[in-house]
1. Quick one: in the stretch 310-328, of everything that is within 8 Å of the ligand (Cβ to nearest atom) and out of contact with any helix residue (DSSP H, G or I) (no Cβ under 8 Å at 6 or more places or on another chain), which residue is most open to solvent (accessible area, probe 1.4 Å)?
2. Are any of the residues in the stretch 97-115 open to solvent by 60 Å² or more (accessible area, probe 1.4 Å), among the polar types (S, T, N, Q) and assigned to a helix (DSSP H, G or I)?
3. Between a residue in the stretch 248-276 that is farther than 19 Å from TYR10 by Cβ and any residue that is part of a loop (DSSP other than H, G, I, E, B) and within 6 Å of the ligand (Cβ to nearest atom), which pairs come within a Cβ distance under 7 Å, given they are 6 or more apart or on different chains?
4. Tell me, which residue of the stretch 372-393 that is open to solvent by less than 10 Å² (accessible area, probe 1.4 Å) and under 20 Å from GLN302 (Cβ atoms) is farthest from the ligand (Cβ to nearest atom)?
5. Taking only the stretch 394-416 into account, find how many residues are open to solvent by less than 10 Å² (accessible area, probe 1.4 Å), more than 16 Å from the ligand (Cβ to nearest atom) and free of Cβ contacts under 8 Å to residues at least 60 places away in the same chain.
6. If you go through the stretch 147-170 one residue at a time, do you hit one that is among the acidic types (Asp, Glu), exposed (fewer than 14 other Cβ atoms within 10 Å of the Cβ) and away from the ligand (no atom under 14 Å from the Cβ)?
7. Among the residues of the stretch 200-255, which ones are under 23 Å from the mean Cα position of the chain (by Cα) and in a loop (DSSP other than H, G, I, E, B)?
8. Is it the case, given these coordinates, that PRO191 is touching a residue at least 24 places away in the same chain (Cβ under 8 Å), in the same structural domain as GLY50 (by TED's automatic domain parsing), surrounded by fewer than 22 Cβ atoms within 10 Å (Cβ to Cβ) and within 29 Å of PRO262 (Cβ to Cβ)?
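The values are calculated or read from the model by the stated rules, or taken from the named source; none is laboratory data. None of the values given here were measured: they were computed from a predicted structure. Virtual Cβ from ideal backbone geometry, glycine too; neighbours counted across all protein chains shown. Side chains included, ligands, DNA and RNA excluded: accessible areas come from the protein's heavy atoms. Shrake-Rupley method; radii C 1.70, N 1.55, O 1.52, S 1.80 Å.
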Amino acid sequence: MKVCIIGTGYVGLVTGACLAELGNTVICVDNDEKKIEMLERGQVPIYEPGLEEILRNCHAKDRIRYTTSIAEGVKASEIVFIAVSTPARPDGSADLTAVAAVAREVAENLDGYKIVVDKSTVPVKTGEKVAETIRRYSAESVEFDVVSNPEFLREGSAIYDTFHPDRIVIGTASEKAARALTDLYQPLDAPVIITDINSAEIIKHASNSFLATKISFANALSRICEKAGANVEEVTRGMGLDKRIGTQFLNAGIGYGGSCFPKDVSAFVKISEELGYDFRLLKEVERINREQIDFFFEKIKQTLWILEGKQLGILGLAFKPNTDDMRNAPSLVLIDRLLKEGASIKAYDPQSMDKAREELEGIQYCSDPYQAAEGSEALIILTEWNEFKEMDLQRIKGLLHHPIVIDGRNIYDPARMRELGFTYQSVGRF
Ligand code: UDX
């Protein structure tokens, strides 16, 4: 099929790459000329395992191309995906300016029946607005259908997730559009849910909010476990083996971050409010998440007492492993507070340091974990990269000024760390 993807962020670019890999002809559109030039040169503006290879492969086979022109993309395609960003406004609601502008431009370039698919995460009823906009700005005789097809990929495993989705959600009133989308995704062996647009839009916000709720539940448990002398990992393992609960997304740590959960939870609170429902449960989920980083900061202070003039080594800056993404990374909040207390920071992250440099000044960036440990009063773990799990801990111990590790991701076994002679603090464990 001929597919156009508007927006080359994580979702757009990965979707475009995977659809091209499945044999479709894809045209990716972005209004950022620099991004398009980079992509044409074979460079990928984001770090996502496997993405560069697929793009290179598909480009060589002429299955994917790039342009800054929506007109060109729309005219060349049967299905047009909108995958532009929907950032949070200061009040937590989603800013739909880009979606509206794209819908209008798509409408102005419709030259025959097309299916316009919204992949961006949007508030319920956006599909209706997109359809209204297209009707208003397109030629009267032209036919089109609007579909909501939310994306559930995770950064760091985006390619795998796209090829192995748990489900594909297709929200539309049109049988013809539902059939076309089902055909497009047919090579993926996944259950397809065909539903109305409003339900599809809510599925996305409800799913991310539920996952964030699981994380906040685990983080609340970590606080209780510390007070009670219990181990949160044992507790969540014991809970998770109940199939109705499941083991995933119950890892306590320093709170969720990234480009989706914080934004989607606050958007869902706002959407509910506008619909006349006070989603207090989700407000509490957000509060627990904010408090988790305060609690971790206090843990550092309790261990090290006065931070003024102390050098700290930080391992991990990205909001999670296998990505270079720094959006809403808990490390940003924590490092800011440590700097305000007068600490000096030596930090290392395997992928995100270029992006971190744009936001985090006044810290020293290191070339490996050992350099970050050298001469530091303590080592603080903020992202659970495999590289940190596999470090030479004896060497780390020798490099640290004091053998103290404060682990926000529970990556080491407390008993082993004690055996190695570390003072070791983690989250919700003893
Ligand atoms: C998330 C959803 O998983 C995905 O379906 C959606 O499309 C986009 O949002 P992503 O933001 O890439 O994906 O990362 P994810 O792996 O879900 O992690 C989000 C945050 O939660 C990270 O900060 C992570 O560290 C944190 N997390 C996750 C925990 O603190 N504990 C857990 O058990 C799981």
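1. Across the stretch 310-328, the extreme among qualifying residues is LYS320.
2. yes
3. Sorted first by the residue in the stretch 248-276, then by its partner, the list stays empty.
4. The selected residue is SER376.
5. Count: 2.
6. So in the stretch 147-170, the residues among the acidic types (Asp, Glu) come out as 151, 155, 161, 166.
Next, only the ones that are exposed (fewer than 14 other Cβ atoms within 10 Å of the Cβ) stay: 166.
The next check asks that each one be away from the ligand (no atom under 14 Å from the Cβ); those that pass are none.
No: the stretch 147-170 contains no residue that is among the acidic types (Asp, Glu), exposed (fewer than 14 other Cβ atoms within 10 Å of the Cβ) and away from the ligand (no atom under 14 Å from the Cβ).
7. ILE245, GLY246, THR247, GLN248, PHE249, LEU250, ASN251, ALA252, GLY253, ILE254, GLY255
8. Numbers: touching a residue at least 24 places away in the same chain (Cβ under 8 Å): yes; in the same structural domain as GLY50 (by TED's automatic domain parsing): yes; surrounded by fewer than 22 Cβ atoms within 10 Å (Cβ to Cβ): yes; within 29 Å of PRO262 (Cβ to Cβ): yes.
Yes, satisfied.
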